[in-house]
Amino acid sequence: MKDKSNKLHIKTGDRVVIISGKDNGKVSNVKKALPQQNKVIVEDANMITKAMKANPMANFQGGLIKMEAAMNVSKVMLYCQKCEKATRISYKVLENGKKTRVCKHCNEQFDV
């Protein structure tokens, strides 16, 4: 049995639209992609409150901290700047042999 790592259609730094949940319709950037868990962390979305202990080594006071929680990658879609809407992507091989992500509507390249 092969150990196959998951591949996501979203990368760190991409601009995405949240398509379901309490932050539905919000456009933001991806802070971190977690392909092993099939999740992404999006800036200012899916906010949770976490109780943290004080840590004198890191000069951390402790208390209630607001932070972003990971969400499933199926809840976000890539945002096309040219179309100004959420879009599905296709993959295209360029002349130099590199594979790039392309908008289905306007053929805008994302990996430039």
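Quick notes
- Consider segment 21-41 and keep the residues that are surrounded by fewer than 13 Cβ atoms within 10 Å (Cβ to Cβ) and of a type in the set (S, T, N, Q). The one that is farthest from Asn72 (Cα to Cα) is Asn24.
- Summed over segment 24-37, the residues that are of a type outside the set (Gly, Ala, Ser) and either in a loop (DSSP other than H, G, I, E, B) or without any contact (Cβ under 8 Å) to a residue 12 or more places away in the chain (or both) give a count of 5.
- When each of Ala51, Ala86 is tested for being surrounded by 11 or more Cβ atoms within 10 Å (Cβ to Cβ) and assigned to a strand (DSSP E or B), the lone residue that passes is Ala86.
- Given (1) outside any strand (DSSP E or B); (2) touching a residue at least 40 places away in the same chain (Cβ under 8 Å); (3) in contact with a strand residue (DSSP E or B) (Cβ under 6 Å, 6 or more places away or on another chain), number of the condition Gly21 does not satisfy: (3)
- Listed by first and then second residue, the pairs with beta-carbon distance under 7 Å, at least 6 apart or on different chains, first residue in segment 89-103 and within 24 Å of Val76 (Cα to Cα), second of a type in the set (Gly, Ala, Ser), are Val102/Ser90.
- For segment 54-81, the tally of residues that are outside any strand (DSSP E or B) and either within 19 Å of the chain's Cα centre (by Cα) or within 20 Å of Asp23 (Cα to Cα) (or both) stands at 6.
- Subset of segment 58-109 (residues that are in contact with a Leu (Cβ under 7 Å, 6 or more places away or on another chain) and of a type outside the set (A, V, I, L, M)): Thr87, Thr100
- Qualifying residue in segment 91-110 (condition: among the hydrophobic types (A, V, I, L, M, F, W, C), surrounded by 12 or more Cβ atoms within 10 Å (Cβ to Cβ), at pLDDT below 95 and closer than 14 Å to Gly13 by Cα): yes
The values are calculated or read from the model by the stated rules, or taken from the named source; none is laboratory data. The structure displayed is predicted, hence computed values, not measured ones. For neighbour counting, all protein chains shown are included, and Cβ atoms are generated from backbone atoms with ideal geometry for every residue, glycine included.
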